[in-house]
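Read the structure below first, then the notes.
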Amino acid sequence: MVNQRRTVAIFNKEIRHILRDPFTLIFSLVMPVVMVLLFGTAIEFNVREVPTVYVDQDHSQTSRTFLNTLGSSQYFKITPVASAHEGIRWIERERARAMIIIPPQFEHFLLGAQEGKLQVLVDGTDNSSGNALVGYLGAIQAKTLQNLSKSDHPASEGALKTRFLYNPELSSRWFTVPALTAVVMAILSILLTALTISREWENGSMELLLSTPVRPMEVVLGKMLPYALLGLISVFVVYIIARTLYGIPFIGQLWIFWVATLMFLLTYLGQGLLISTLIRNQQAAIQFALMIGMMPSMLFSGFIFPIEHMPTFFQGITACFPARWYVTIVRDQFLKGSSALELFLPLFMLFVFTCMAIRLCTKTFKGNLES
């Protein structure tokens with residue numbers, strides 16, 4: 001049975017400690033802003049303005065139309081070179097990422113219903129950029145053919161039109177910034193609470209706590225709730241930045257977002273308290289907290305690497321980390337807006353992780369009290 005008075009007393013003690021510690025306030029309120037601005041601006045999965053050289057050996061209207069379409073796109077920054085050998089030297093010196101060679105009679109073959117072949121040489125040292133460039137070139141070539149057909153005869157009625165749902169412009173920020181909430185909160189919450197009890201062991205104040213009639217659950221709740229409140233404020237700041245600065249829509253239900261956020265925070269706060277209970281040295285607790293909080297939330301949450309593209313074994317491993325389920329909920333609520341019933345599995349998994357974290361933390365702290 002939890003005594004409300006004792007729990008509130010520990011809660012008030014932690015609140016006063018937070019207010020007296022400028023590092024805690026700055027770390028919890030400034031770090032999320034810095035990380036969101038840094039990651040939201042720096043991470044860009046769309047390849048843009050790639051330096052590209054070209055050799056036009058056809059000098060026809062069709063080749064000029066293709067090059068104009070290429071240059072007017074936001075993906076390529078084209079520069080003419082005299083020969084293919086000069087273009088290779090540009091790539092070797094990393095002044096260009098790709099070279100396009102338009103052969104003689106390109107227009108003749110293309111308008112004669114034959115294959116108008118282009119030669120494309122791509123710097124393969126960066127395979128992600130290389131694959132994107134090839135895909136962009138295919139789309140631009142198709143657009144060139146469409147422009148030519150419009151100028152000479154009516155466009156085909158069966159033209160293929162593509163529409164991207166939920167993220168019409170395929171903006172990387174719409175994909176990364178909502179998921180960044182999981183990374184920021186995981187690092188923030190687990191670090192803050194990992195220092196709580198380990199600091200008290202080092203300062204000797206834990207002995208005073210052990211001499212009181214306080215119960216393990218009361219200590220756990222009293223220490224977790226202030227940092228949960230601080231974490232919710234940080235999430236609110238990230239939410240405001242995402243909505244105003246980056247213009248990311250939110251079409252879901254706010255109560256689902258905040259319930260999932262609270263469960264996620266309590267899970268990682270519990271992990272931080274568990275670390276600080278087992279490891280009584282602050283430096284060791286910080287190192288262990290960073291390893292537990294940062295690596296899973298970055299690598300196994302789907303924040304950067306899509307889970308469905310991972311090997312089957314690692315897809316199963318991701319299910320063991322709360323960040324994976326929280327990222328699913330956050331991205332869905334920002335961009336898609338599914339109902340609670342449709343998100344039952346990730347919500348249920350977060351609830352299970354929250355109960356497990358609090359239970360393990362309470363049991364471990366009880367063992368310390370009894371020992």
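Here Leu278 meets each of (1) surrounded by fewer than 22 Cβ atoms within 10 Å (Cβ to Cβ); (2) under 16 Å from Ile187 (Cα atoms) with one exception, condition (2). Mind checking whether some residue in the range 144-164 is surrounded by 11 or more Cβ atoms within 10 Å (Cβ to Cβ), under 20 Å from Thr52 (Cα atoms), modelled with pLDDT under 75 and in the same structural domain as Thr69 (by TED's automatic domain parsing)? Yes: the range 144-164 contains one or more residues that are surrounded by 11 or more Cβ atoms within 10 Å (Cβ to Cβ), under 20 Å from Thr52 (Cα atoms), modelled with pLDDT under 75 and in the same structural domain as Thr69 (by TED's automatic domain parsing).
Per-residue answers, yes or no, for (1) touching a strand residue (DSSP E or B) at 6+ places or on another chain (Cβ under 8 Å); (2) assigned to a helix (DSSP H, G or I); (3) polar (S, T, N, Q):
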{"residue": "Val237", "(1), (2), (3)": "no, yes, no"}
{"residue": "Arg243", "(1), (2), (3)": "no, yes, no"}
{"residue": "Ile248", "(1), (2), (3)": "no, no, no"}
{"residue": "Leu266", "(1), (2), (3)": "no, yes, no"}
{"residue": "Thr277", "(1), (2), (3)": "no, yes, yes"}
{"residue": "Ile292", "(1), (2), (3)": "no, yes, no"}
{"residue": "Ile304", "(1), (2), (3)": "no, no, no"}
{"residue": "Tyr326", "(1), (2), (3)": "no, yes, no"}
{"residue": "Ile329", "(1), (2), (3)": "no, yes, no"}
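Residues in the range 312-335 that are of a type in the set (Phe, Trp, Tyr), buried (at least 24 other Cβ atoms within 10 Å of the Cβ) and within 13 Å of Phe351 (Cα to Cα): Trp325, Tyr326. Residue pairs whose Cβ atoms lie under 6 Å apart, separated by 6 or more positions or on different chains, with the first residue in the range 300-315 and at positive phi and the second surrounded by 10 or more Cβ atoms within 10 Å (Cβ to Cβ), are Gly302/Val327.
Could you tell me how many of the residues in the range 279-290 are part of a helix (DSSP H, G or I) and not aliphatic (A, V, I, L, M)? Please lay out each step first, then the result.
Step one: of the range 279-290, the residues part of a helix (DSSP H, G or I) are 282-290.
Within this subset, residues satisfying the condition of being not aliphatic (A, V, I, L, M) are 282-283, 287-288.
Total satisfying the criteria: 4.
Of the numbered criteria (1) surrounded by fewer than 15 Cβ atoms within 10 Å (Cβ to Cβ); (2) hydrophobic (A, V, I, L, M, F, W, C); (3) more than 14 Å from Phe27 (Cα to Cα), the one Val219 fails is (1). Residue count for the range 48-93 under the criterion of being farther than 16 Å from Gln119 by Cα, touching a residue at least 24 places away in the same chain (Cβ under 8 Å) and among the charged types (D, E, K, R): the result is 3.
The values are calculated or read from the model by the stated rules, or taken from the named source; none is laboratory data. If you're wondering where the values come from, they're calculated on a predicted model, not measured in any experiment. Counting neighbours? That spans all protein chains shown, and the Cβs are built from the backbone with ideal geometry, glycine included.
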